[in-house]
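Below: the structure, in structure tokens.
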């Protein structure tokens, strides 16, 4: 049995937000708010939950506009990290974008997040620009790397 056996993806609903917020607070110093997720659901963004064995292993939020996808959040619960779950979740979002005939895929990532940078680069994303002071940080603000890939 591998970590990927029994993985499923489904639409995030308001009933998922308690667990989503637990994970957010567990893995981020500056988590999204419940309102951020609620607004994303209400706005019709692609809010996806990844489950394995009935447990929420991760989730993400993708917005699509015209022929572009923008990944706004990609998160894996702490006890599921390091097993390739982030890649599976990213592949799911890229598959959605491809099925919807979107042409470009964008995301921002903290410059200090070397694990995520490696994941995105290995999935074909390349740096487009650096956005200074994009993320809140313990020392004030941190830059983000804007990355993109053709689908």
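We did not get these values from a lab; they are worked out from the coordinates using the rules stated. Values in this document were obtained by computation on a predicted structure and should not be read as measured data. Here the Cβ is made from the backbone with ideal geometry for all residues, glycine too, and neighbour counts use every protein chain on show.
Here are the numbers:
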| quantity | calculated |
| --- | --- |
| Protection-proxy order for peptides 49-57, 121-129, each taking the mean of Cβ atoms within 10 Å per residue, highest first | 49-57, 121-129 |
| Mean separation of Cα contacts under 8 Å (6+ apart) over length of segment 63-151, as relative contact order % | 29 |
| For the chain, alpha-carbon Rg over 2.2 N^0.38 Å | 1.00 |
| For segment 14-53 versus segment 85-151, the gap between their alpha-carbon centres in whole angstrom | 18 |
| Over segment 105-151: Rg over Rh, Cα atoms, Kirkwood Rh | 1.00 |
| Where a label projected 7 Å from the Cα of residue 78 along Cα→Cβ would reach, residues of segment 43-64 with amide N under 17 Å | 56-59 |
| Considering only the chain, percent of DSSP beta bridges that pair antiparallel, nearest 5 | 90 |
| Distance histogram in 10 Å bins (all Cα pairs of segment 64-151, percent per bin) | 16, 47, 31, 5, 0 |
